[in-house]
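Step one of this worksheet: look at the structure below.
Just so it is clear, none of the values below were taken in a lab; they were calculated from the coordinates. These figures come from a predicted structure and were not determined experimentally. Note that each Cβ is placed from the backbone with ideal geometry, even for glycine, and that neighbours are counted across all protein chains shown.
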Amino acid sequence: MSLLGEDILTEEGEFIINMGPQHPSTHGVLHLKLWLNGEEIKRVQPHLGYIHRSIEKMSESLSYRNFIFATSRMDYLSAHMNNEACALTVEKGLGIEIPERAQVIRILMSELTRLASHQLWWGSTGLDLGAVTPFFYAFREREAIMGIMEETCGARLTQNYNVPGGVMADIHPNFQKHTKEVMQQIKSKLDEYDDLLSGNVIFEARTKGVGVLSKEDAISYGVTGPTARGSGVSCDVRKWAPYSGYEKVQFNEILEEGGDSYARYMVRMREMKESISIIEQLIDNIPDGDFQAKTKNVIKLPKGEFFQRVETARGELGVYIVSDGAASPYRVKYRSPNFSNLFALPIMAKGGKIGDLVAIMSTLDLVIPDIDR
Amino acid sequence: MNKEELKNVLSGYSSNIQFDETTEPLSAIVPAAEFFGLMQFLRKDAQSNFDFLNFMTCVDWKDHFMLVYFLHSTTYRHDVMIKVKLENRDEAEIETVCNIWRTAEFHEREVFDLFGVKFTHHPDLRRIFLDDAWEGHPLRKDYTDENMIEL
């Protein structure tokens, strides 16, 4: 594809421009080719591959302990959930049960990750739509969560905390105390978030009725996560295919019927409250016992195929491992949520204005390394 | 539907379908000639209602390709893996399903890019990640590159 050699004006009088790969509102190296008539979007075509590292090919030569950590670099804001999905698949292959303590720690960490991810999204959505203040508010709370992560996992973003059989180390002695403090802090700020952005007239004008995705299209395009739930598609894996003991906690699946950017925004805002509720249910009830089940040094999965899905902050991540009995996977396929979600963008943006595209991109909450893998 | 009911629906459609019950969910291996008809049937059939294509991918078994279509029903919450064996790796070809599930268009582009499987009647079959000038298909087991190192 030669960009320079192409005509920027089509025969129909449409103007072709490139948005990205280096554009502030694409949050990463995503390249969109736009066909415009004035300010109206006629067609959008995503171009990928700027951060393709072929994690699937790399995994074929890594051991079952190592390949897990490559997935932290896919959706880096859901690193913990990505690791968990891989660990669960390996555990399924080995047929081992993990200790209850490890399960509860995994849920707690997953929900903390989800909160941190949704906060970063909230801040950057405000930033994309012209409100700078939310970014600072969101990062204040997110930083507190990152502190908890650092204390227990030793890393802030790419925690690499899950291993086959449980978690890598026990929780820090201050984990419960700090988590409770941070939850109190966030709870008192969530209403402030709503005051700042949710009810803002300009914000509502820019998101309500913008980028509508119908329920049928969401299903046909394979859209999952908060994006699909904003269109009324019930798809929370934690609810319909519980893993790690999610069936034991009380929480609601958040659904909105609007299908527009504002509905997707509201889903994530309400999901934050559910995550806090899950953490509060579990934080004082972490069972005693081991944090890791015993596994062999060199893990070999029996010949066969194994699949596990988890709900990351962006939707359903599926890990499909084909094993030939060796110490590395024969083939690994990641069904990443962002890959499917991205391709619903062209139909959502069609007929809208360029400014709407920015609102749609923010409420899709894309992480580009997860698309390219 | 459980495994047995799914098997009944599938074997009711055609007697040439082989089953592999060791996998979770159930795998059904379909002859390439009957593949497209079966996919249309599974989407439309009210009993199975597979309205969601979770993903599709390919596994290179060195002497043949195995295409894997992971289907899901958002109403009944059941899954099935439909598999098609493609004997000739160099001229692997199959009908596209992107008119049945829109998301297939992009998963098929990925398989075309990384395995070199051609999808007939695909509206826009181009490489999705790699450069157009790239030679070879990296996820094939026999792919070599001068920059590759042994780990």
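Seen through its C-alpha gyration tensor, with square-root eigenvalues sorted a ≥ b ≥ c, the stretch A:39-180 comes out oblate because a/c lies at 1.5 or above while a/b is not bigger than b/c.
FRET efficiency for A:Lys296 and A:Glu247, Cβ-Cβ distance as r, R0 = 51 Å, nearest 0.05? Working from the Cβ atoms, E equals 0.95. Label-to-label distance for B:Thr22 and B:Glu91 is 3.3 nm, based on points extended 7 Å past Cα in the beta-carbon direction. Neighbour counts of C-beta atoms inside 10 Å place A:Thr179, A:Thr10 in the sequence A:Thr10, A:Thr179, starting with the fewest. Every helix of 4 or more DSSP H residues in the protein assembly as shown counts as -39500 (n - 2.57), and over all residues that averages to -11500 deg cm²/dmol at 222 nm. Using the Cβ of A:Thr227 as centre and a radius below 10 Å, the other residues enclosed give a net charge of +3, where K and R count +1 and D and E count -1. In sequence order, the stretch B:56-68 has phi-based couplings of 9, 8, 9, 10, 8, 9, 6, 9, 7, 9, 10, 7, 10 Hz under the Karplus curve 6.51 cos²θ - 1.76 cosθ + 1.60, θ = phi - 60°, and Gly or Pro positions carry x. Counting only residues at least eight positions apart within a chain, or on another chain, the lysines with an alpha carbon under 24 Å from that of A:Lys180 are A:Lys189, A:Lys248, A:Lys273. Rounded, prolate or oblate: which fits chain A, taking a ≥ b ≥ c as square roots of the Cα gyration tensor eigenvalues, rounded meaning a/c under 1.5, else prolate when a/b beats b/c? Because a/c hits 1.5 or more and a/b fails to exceed b/c, chain A counts as oblate.
The distance separating the Cα centre of the stretch B:84-151 from that of the stretch A:148-212 comes to 38 Å.
Placing R0 at 35 angstrom, the Cβ-Cβ distance between A:Glu143 and A:Arg53 gives a FRET efficiency of 0.80 after rounding to 0.05. Would you work out the relative contact order for the stretch A:257-331, in percent, from Cα pairs under 8 angstrom that are 6 or more residues apart? Answer for the stretch A:257-331 is 20 percent.
Partner shielding of A:338-345 amounts to 3, given as the average count of beta-carbon atoms from other chains within 10 Å of each residue beta-carbon. Could you tell me which of rounded, prolate or oblate describes the stretch B:26-151, using a ≥ b ≥ c as the square roots of the eigenvalues of the alpha-carbon gyration tensor, with rounded for a/c under 1.5 and, failing that, prolate when a/b is larger than b/c and oblate otherwise? Prolate is the answer for the stretch B:26-151, as a/c is 1.5 or above and a/b outweighs b/c. Can you tell me the relative contact order of chain A? Whole percent, Cα pairs under 8 Å, sequence separation 6 or more. Contact order relative to length: 26 percent. Extending 7 Å from Cα along the Cβ direction at A:Leu36 and again at A:Ser198 yields two label points whose distance is 3.4 nm.
Peptide packing: for A:282-289, A:259-266, B:109-116, B:25-32, the average count of neighbouring Cβ atoms within 10 Å per residue gives the ranking A:259-266, B:109-116, B:25-32, A:282-289, highest mean first.
Peptide B:49-60 shows a mean partner chain C-beta count of 5 within 10 Å per residue C-beta. Taking label positions 7 Å along the Cα-Cβ direction at both B:Tyr76 and A:Ala155, the computed distance is 4.2 nm, reported to one decimal. Loop-located trypsin sites (Lys or Arg not before Pro) in the stretch B:10-75 (DSSP state other than H, G, I, E, B) with a sparse environment of at most 14 neighbouring Cβ atoms within 10 Å: B:Lys62. This ranking places A:Thr312, B:Thr144 by how few other beta-carbon atoms lie within 10 Å of each, fewest first, which gives B:Thr144, A:Thr312. Counting only Cβ charges, +1 for Lys and Arg and -1 for Asp and Glu, the dipole size of the stretch B:3-120 around its Cα centre is about 260 debye. By the count of neighbouring beta-carbon atoms within 10 Å, fewest first, B:Glu91, A:Glu274 end up ordered B:Glu91, A:Glu274. Only one residue of B:Ala33, B:Thr74, B:Val111 has its Cα farthest out toward the positive end of the dipole of chain B, where Lys and Arg carry +1 and Asp and Glu -1 on Cβ, and that residue is B:Thr74. Can you give the angle from 0 to 90° between the axis of helix A:79-94 and the longest principal axis of chain A, with both taken from C-alpha atoms, to the nearest 10? Roughly 50 degrees between the two axes. Look at the alpha carbon pairs under 8 Å that are at least 6 residues apart: their mean separation over the length of chain B gives a relative contact order of 17 percent.
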